[in-house]
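A.B. asks: Before we start, here is the structure in question, set down as structure tokens.
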Protein chains: 2
Amino acid sequence: VNLERLFFPESLALIGASNNPSKWGFRILKNILNGGYQGNIYPVNPKGEEILGIQAVKRVIDIPDKIDVALICVPAGKTCEAIKDCARKRAKFAVVIPAGYKETGEKGRAEENLLVEAANSGGVRLIGPNTMGIMSTHAYLYAYMSAARPFPGGVAFVSQSGNLGTQILGKGEKEGIGFSYFVSSGNEADLKSEDFIHFFGRDKKSRVILAYIEGLSDGRRFLEIAKEVTTQKPLIVYKAGRTPAGARAASSHSGAMASSDIVCRSAFAQAGIIGASNTEELLDFAKAFSRLPLPKGNRVAILTWGGGWGVVASDVCQEMGLEVPALPSSALKKLNRLLPSYWPQSNPVDLVGTLELDRHLECLKALASENAFDAILTLGTITGFSDFRQHDEKFMNGLLELINEYQKPILAVKLFEEYQSEYLIKNGSLLYSSPEHAIKALAMLCKYVRYKNRVG
Amino acid sequence: VNLERLFFPESLALIGASNNPSKWGFRILKNILNGGYQGNIYPVNPKGEEILGIQAVKRVIDIPDKIDVALICVPAGKTCEAIKDCARKRAKFAVVIPAGYKETGEKGRAEENLLVEAANSGGVRLIGPNTMGIMSTHAYLYAYMSAARPFPGGVAFVSQSGNLGTQILGKGEKEGIGFSYFVSSGNEADLKSEDFIHFFGRDKKSRVILAYIEGLSDGRRFLEIAKEVTTQKPLIVYKAGRTPAGARAASSHSGAMASSDIVCRSAFAQAGIIGASNTEELLDFAKAFSRLPLPKGNRVAILTWGGGWGVVASDVCQEMGLEVPALPSSALKKLNRLLPSYWPQSNPVDLVGTLELDRHLECLKALASENAFDAILTLGTITGFSDFRQHDEKFMNGLLELINEYQKPILAVKLFEEYQSEYLIKNGSLLYSSPEHAIKALAMLCKYVRYKNRVG
């Protein structure tokens, strides 16, 4: 399915547009207007009143323009009629917000099928129902209820939960992750997660794909598409409903069918999918994949301003299959010139509390330039302390230069949060809040490289 | 060892006090003065100058007062002489800041032994060397270099890494965790982690004990003390140096000896120790144990404003051995009166996006009052959205009342961070940033209850 016009629509209809601020038909229209979307917007409302400064039409068929995307915010009882109008209008896509379908049982499922029939008869493809909407940053399109406004970037995200998805977007925004698209796929009566993943896979603006999945109606097709996509770019999936308790909850949430966790895991791995084992990992992994070069191997140098964190990081590296090799003599020589005589002469490189902050970056450079290391972790050298703000930004700047010069991933762990810095937030996607988070992300970069090498 | 006078000293000497702001002897004294410590403070400096407004003496033996605690901030070469003076003065404790001892190899180890001999000959007990200092909130004593100022509370913390320990204190402060004591035990040449744990175990102000351990010089004694302590209160341990890479790093950091991870784990479990598997869990578990009543069983009700999070939470509950049982008919009846007809009638209780915010707390109450549940998780009902700030605080208030009324743990997950609220931070120890963090903490409460029931 070509989704170009879904994410870059020339015209939008908002069916169920409203002047009541507690209605979806108000908040979504407001978000679209605030977001800066440049195409034509047509509110549709039975009274034909003026809404947020735009004259509404009474029915979508009254719009004197073609419609690429119709957003449907009317109550469930009126949805089918609205979709029939969209079919008459030959709208390309309809995003169906209301809930109350497959997730409520057999009756809802039958009604959901009617929606799809009505849509497809006129060539309309459906998103949802039970969706929270879509986002396309490069089109300045924020067609959802959420207040999240992530900046444009390379992460595409499809989520079977709108709430969870938009909350993750909001967290991603705070962590400086740039997104290309978001779609809350809802009950997936027509378009499925794999349709979006397929599009993201071929899309030049998307560098990494995230998916929150509760269930798959056609697992084979999903895996075929995943297998093709993962040769091009990483696909990171959080699979919920892994346990009987979770599967019960999923069935009453998005109407998803249970699937065996073990089958899922091994099939996912074979298709080159990177599994996230919790929701934080979705963002942790997206950070690393969207901004860092891939490592050539798994040999890690650790730089730490605080010996304890070096111990923690060494443990986690080894547990995640990463090597922490000894320092080559060339690195020892360079570091001996930079550090006090009592530094431990080993990897992790402990800065032994040195307050000569310029040395920190020089030490990082000494490590990044060594062929013995494929990746670098630097802990606490971006401090997050207000007193060291200037140092922090200088260090980040140097770190970006080193990544660029040596084409190796360098992951920084900032252990404090005393101040906010625009510059650091913009580059926040290189910053992790604990060694564990950073190291797991690095391990996934290595895993993906191994997969790519294996499948050629 | 009675450590009362270490944490509640009537008089302090600061040997190596300095007017140079980049020296430990300046920063620690400044922290002590700013913190509001009420006892006598004696700076000691070879020049006998005035430091931060206090007249220094040249040697500790010149002080016209007894000394409970001497903080030693002179360079390593002058430390032994300073300790000999403390011995002459019959100081009770000496906190030895400088590094360069056991962690650097055999020569350092021999010098460290000399420190202990010098100290013990005069009845002085040593903390360190290679320590970052101590904190005792109830004495307003912040005798370390860190800027962390956690408020007084029930969490006692001993850490073999000063840096990691104080950074965890700083995070704890932001998350609203109250601490009683902190000690950076350093190389543990004399007083060991278990000595502090023993004191914390009998201390009325401490409700839960945290420990960061890289190595144990007397594992048997540690376990004996742990076993006694865990019958009284929870002891949460993060053991670093679990892998060969980590053990190597530990040896050059605190001079800790390697120990087999498997032996450690099973011995810890037998002694009733709660293991933290990463540094975040230390705080997650401390939160729950320091503020919540212990659950009677493992049956969890989940309230969620967003269905996807309910699915995630159900999975994690089951994976952590917690039950998510069906709703009893009494609860269904109450909830049917509160929620729109299309709510899924199951546990997790999905608030199906309802914007009638007062209903959220009523639903929480309906669940908390049921005998069918031992604990409650509430997800997203404290939103973190600026628009809902008033609601959030009202909900938190109600939540505290319900914990008190029903004596059940209620853990809240706040998924957004739009605003800061003094009130919420103060009660931040009931708030988690993801379902996974909250559920693991709840599982540890259950685990500890089972242990206590088993050992009687």
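A.B. asks: Residues A:Ala331, A:Ala313, A:Ala366, A:Ala326: which one is modelled with pLDDT of 95 or more, farther than 27 Å from B:Glu281 by Cβ and within 14 Å of another protein chain (Cβ to nearest Cβ)? If you could, list the steps in order and put the result at the bottom.
C.D. replies: Numbers: A:Ala331 fails: within 14 Å of another protein chain (Cβ to nearest Cβ); A:Ala313 fails: farther than 27 Å from B:Glu281 by Cβ; A:Ala366 fails: within 14 Å of another protein chain (Cβ to nearest Cβ).
Being modelled with pLDDT of 95 or more, farther than 27 Å from B:Glu281 by Cβ and within 14 Å of another protein chain (Cβ to nearest Cβ) holds for just one of A:Ala331, A:Ala313, A:Ala366, A:Ala326, which is A:Ala326.
A.B. asks: Hey, another quick one. Within the stretch A:1-48, which residues are free of Cβ contacts under 8 Å to residues at least 60 places away in the same chain, within 15 Å of A:Gly133 (Cα to Cα) and in contact with a helix residue (DSSP H, G or I) (Cβ under 7 Å, 6 or more places away or on another chain)?
C.D. replies: A:Leu14, A:Ala17
A.B. asks: Here's a follow-up. Out of the stretch A:211-230, which residues are among the small types (Gly, Ala, Ser) and within 14 Å of chain B (Cβ to nearest Cβ)? Give the steps one after another, and end with the answer.
C.D. replies: Quick first cut of the stretch A:211-230, residues among the small types (Gly, Ala, Ser) only: A:211, A:215, A:217, A:219, A:226.
Within the stretch A:211-230, A:Ala211, A:Gly215 meet the criteria.
A.B. asks: For B:Asp190, work out the one condition from (1) under 28 Å from B:Gln407 (Cα atoms); (2) touching a Leu at 6+ places or on another chain (Cβ under 6 Å); (3) acidic (Asp, Glu) it doesn't fulfil.
C.D. replies: Unmet for B:Asp190, out of (1) under 28 Å from B:Gln407 (Cα atoms); (2) touching a Leu at 6+ places or on another chain (Cβ under 6 Å); (3) acidic (Asp, Glu): (1).
A.B. asks: Please determine, by comparing only the residues of the stretch A:61-71 that are open to solvent by 10 Å² or more (accessible area, probe 1.4 Å) and of a type outside the set (Asp, Glu), which one is farthest from A:Ala99 (Cα to Cα). Give the derivation first.
C.D. replies: Our first condition is that a residue be open to solvent by 10 Å² or more (accessible area, probe 1.4 Å); within the stretch A:61-71, this holds for A:61-62, A:64-66.
Among the residues that remain, those that are also of a type outside the set (Asp, Glu) are: A:61, A:64, A:66.
Values: A:Ile61: 24, A:Pro64: 30, A:Lys66: 27 Å.
Ranking the qualifying residues of the stretch A:61-71, first place goes to A:Pro64.
Quick grid of which residues meet (1) open to solvent by 40 Å² or more (accessible area, probe 1.4 Å); (2) in contact with a Phe, Trp or Tyr (Cβ under 9 Å, 6 or more places away or on another chain); (3) at pLDDT 95 or above:
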| position | (1), (2), (3) |
| --- | --- |
| A:Gly246 | no, no, no |
| A:Ala250 | no, no, no |
| A:Ala256 | no, no, no |
| A:Ile262 | yes, no, no |
| A:Ala269 | yes, yes, no |
| A:Ala276 | no, yes, yes |
| A:Leu282 | no, yes, yes |
| A:Phe289 | no, yes, yes |
| A:Leu294 | yes, yes, yes |
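A.B. asks: Scan the stretch B:15-34 for residues that are of a type in the set (Gly, Ala, Ser) and within 15 Å of B:Pro98 (Cβ to Cβ) and jot them down.
C.D. replies: Initial filter on the stretch B:15-34 (of a type in the set (Gly, Ala, Ser)): B:16-18, B:22, B:25.
Scanning the stretch B:15-34 gives B:Gly16, B:Ala17, B:Ser18, B:Gly25.
A.B. asks: So, one more: For the stretch A:72-98, what are the residues that are surrounded by 24 or more Cβ atoms within 10 Å (Cβ to Cβ), touching a residue at least 40 places away in the same chain (Cβ under 8 Å) and not in a helix (DSSP H, G or I)?
C.D. replies: The answer is A:Ile72, A:Cys73, A:Ala91, A:Phe93, A:Val95, A:Val96, A:Ile97.
A.B. asks: Is it the case that some residue within the stretch A:386-407 is within 12 Å of another protein chain (Cβ to nearest Cβ) and aliphatic (A, V, I, L, M)?
C.D. replies: Kept after step one, since they are within 12 Å of another protein chain (Cβ to nearest Cβ), are these residues of the stretch A:386-407: A:386-388.
In the following step, the residues that additionally are aliphatic (A, V, I, L, M) were identified as none.
Scanning the stretch A:386-407, I find no residue that is within 12 Å of another protein chain (Cβ to nearest Cβ) and aliphatic (A, V, I, L, M), so the answer is no.
A.B. asks: Restrict the check to the stretch B:183-193 and report whether at least one residue is under 24 Å from B:Ile72 (Cβ atoms) and under 11 Å from the mean Cα position of the chain (by Cα). If you could, list the steps in order and put the result at the bottom.
C.D. replies: The first filter runs over the stretch B:183-193 and keeps only residues under 24 Å from B:Ile72 (Cβ atoms), leaving B:183-193.
Filter again for under 11 Å from the mean Cα position of the chain (by Cα), leaving B:183.
Yes, the conditions are met somewhere in the stretch B:183-193.
A.B. asks: So B:Lys233 fits all but one of (1) surrounded by fewer than 23 Cβ atoms within 10 Å (Cβ to Cβ); (2) within 14 Å of chain A (Cβ to nearest Cβ); (3) of a type outside the set (Phe, Trp, Tyr); (4) under 14 Å from the mean Cα position of the chain (by Cα); what number is the exception?
C.D. replies: (2)
A.B. asks: Another one. If I go through the stretch A:341-378 residue by residue, how many of them are of a type in the set (A, V, I, L, M), over 22 Å from B:Ser146 (Cβ atoms) and open to solvent by 10 Å² or more (accessible area, probe 1.4 Å)?
C.D. replies: 2
A.B. asks: Quickly run through the stretch B:2-57 and pick out the residues that are at positive phi and either surrounded by fewer than 18 Cβ atoms within 10 Å (Cβ to Cβ) or among the β-branched types (Val, Ile, Thr) (or both).
C.D. replies: Within the stretch B:2-57, B:Gly36, B:Gly48, B:Leu52, B:Gly53 meet the criteria.
A.B. asks: Do you know which residues across the stretch B:387-446 are hydrophobic (A, V, I, L, M, F, W, C) and in a strand (DSSP E or B)?
C.D. replies: Residues of the stretch B:387-446 that are hydrophobic (A, V, I, L, M, F, W, C), as a first pass: B:388, B:395-396, B:399-400, B:402-403, B:410-413, B:415-416, B:424-425, B:430-431, B:438-439, B:441-446.
Result: B:Ile410, B:Leu411, B:Ala412, B:Val413, B:Leu431.
A.B. asks: Could you please give the count of residues in the stretch B:203-230 that are buried (at least 24 other Cβ atoms within 10 Å of the Cβ) and charged (D, E, K, R)?
C.D. replies: Total satisfying the criteria: 1.
A.B. asks: Go through the stretch B:383-423 and give me each residue that's at pLDDT below 90 and not charged (D, E, K, R).
C.D. replies: Matches in the stretch B:383-423: B:Thr383, B:Gly384, B:Phe385, B:Ser386, B:Phe388, B:Leu415, B:Phe416, B:Tyr419, B:Gln420, B:Ser421, B:Tyr423.
A.B. asks: Here's another thing I want to ask about it. Looking only at residues that are of a type in the set (Ser, Thr, Tyr) and outside any strand (DSSP E or B) in the stretch A:13-54, which one is nearest to A:Pro150 (Cα to Cα)? Outline the logic, then answer.
C.D. replies: Step one: filter the stretch A:13-54 for residues of a type in the set (Ser, Thr, Tyr), giving A:18, A:22, A:37, A:42.
Keeping just the survivors that are outside any strand (DSSP E or B) gives A:18, A:22, A:37.
Numbers: A:Ser18: 26, A:Ser22: 23, A:Tyr37: 15 Å.
My answer is A:Tyr37.
A.B. asks: Do we find that A:Gly353 is farther than 20 Å from B:Gly215 by Cα, over 28 Å from the mean Cα position of the chain (by Cα), facing another protein chain (nearest Cβ under 8 Å) and not hydrophobic (A, V, I, L, M, F, W, C) in this structure?
C.D. replies: Numbers: farther than 20 Å from B:Gly215 by Cα: yes; over 28 Å from the mean Cα position of the chain (by Cα): yes; facing another protein chain (nearest Cβ under 8 Å): yes; not hydrophobic (A, V, I, L, M, F, W, C): yes.
Yes.
A.B. asks: Going by the structure shown, is B:Ser433 under 20 Å from the mean Cα position of the chain (by Cα), over 19 Å from B:Gln318 (Cα atoms) and without any contact (Cβ under 8 Å) to a residue 40 or more places away in the chain?
C.D. replies: Here the answer is yes, as B:Ser433 does meet what is asked.
A.B. asks: Then there's this: Is there any pair linking a residue in the stretch A:334-349 that is more than 8 Å from every other protein chain (Cβ to nearest Cβ) to one that is part of a helix (DSSP H, G or I) and open to solvent by 30 Å² or more (accessible area, probe 1.4 Å), with Cβ under 6 Å and at least six apart or on different chains, and which?
C.D. replies: A:Leu338/A:Arg359; A:Leu338/A:Glu362
A.B. asks: With the condition kept exactly as written, say whether any residue in the stretch B:237-252 is touching a Lys or Arg at 6+ places or on another chain (Cβ under 6 Å), outside any helix (DSSP H, G or I), touching a residue at least 40 places away in the same chain (Cβ under 8 Å) and not β-branched (Val, Ile, Thr).
C.D. replies: Kept after step one, since they are touching a Lys or Arg at 6+ places or on another chain (Cβ under 6 Å), are these residues of the stretch B:237-252: none.
No, every residue in the stretch B:237-252 fails to be touching a Lys or Arg at 6+ places or on another chain (Cβ under 6 Å), outside any helix (DSSP H, G or I), touching a residue at least 40 places away in the same chain (Cβ under 8 Å) and not β-branched (Val, Ile, Thr).
A.B. asks: Based on this model, can you work out whether B:Ser330 counts as over 30 Å from A:Ala249 (Cα atoms), of a type in the set (S, T, N, Q) and either out of contact with any Lys or Arg (no Cβ under 8 Å at 6 or more places or on another chain) or in a loop (DSSP other than H, G, I, E, B) (or both)? I'd like the intermediate steps shown before the answer.
C.D. replies: Values: over 30 Å from A:Ala249 (Cα atoms): no; of a type in the set (S, T, N, Q): yes; either out of contact with any Lys or Arg (no Cβ under 8 Å at 6 or more places or on another chain) or in a loop (DSSP other than H, G, I, E, B) (or both): yes.
Criteria not met by B:Ser330.
A.B. asks: A:Ala301: in a loop (DSSP other than H, G, I, E, B) and more than 10 Å from chain B (Cβ to nearest Cβ), yes or no? Walk me through it before giving the result.
C.D. replies: On the way: in a loop (DSSP other than H, G, I, E, B): no; more than 10 Å from chain B (Cβ to nearest Cβ): yes.
When the stated conditions are applied, A:Ala301 does not pass them.
A.B. asks: For the stretch B:304-323, how many residues are among the charged types (D, E, K, R) and open to solvent by less than 10 Å² (accessible area, probe 1.4 Å)?
C.D. replies: Final tally of qualifying residues: 1.
A.B. asks: Here's another thing I want to ask about it. If you scan the stretch B:432-442, which residues turn out to be under 17 Å from B:Val208 (Cβ atoms) and open to solvent by 10 Å² or more (accessible area, probe 1.4 Å)?
C.D. replies: B:His437, B:Lys440, listed by residue number.
A.B. asks: Which condition number does B:Asn347 fail, the rest of (1) in a loop (DSSP other than H, G, I, E, B); (2) farther than 13 Å from B:Gly310 by Cα being met?
C.D. replies: (2)
A.B. asks: Quickly run through the stretch A:236-256 and pick out the residues that are of a type outside the set (Gly, Ala, Ser) and either more than 7 Å from chain B (Cβ to nearest Cβ) or farther than 23 Å from A:Gln270 by Cβ (or both). Explain how you work it out, then say what you get.
C.D. replies: So the first thing to find is which residues in the stretch A:236-256 are of a type outside the set (Gly, Ala, Ser), and the list is A:236-239, A:242-244, A:248, A:253.
Result: A:Ile236, A:Val237, A:Tyr238, A:Lys239, A:Pro244, A:Arg248, A:His253.
The values are calculated or read from the model by the stated rules, or taken from the named source; none is laboratory data. Since we're looking at a predicted model, the values are computed, not measured. Counting neighbours? That spans all protein chains shown, and the Cβs are built from the backbone with ideal geometry, glycine included. Heads up: the accessible areas ignore ligands, DNA and RNA and are worked out on the full protein's heavy atoms, side chains in. Shrake-Rupley method; radii C 1.70, N 1.55, O 1.52, S 1.80 Å.
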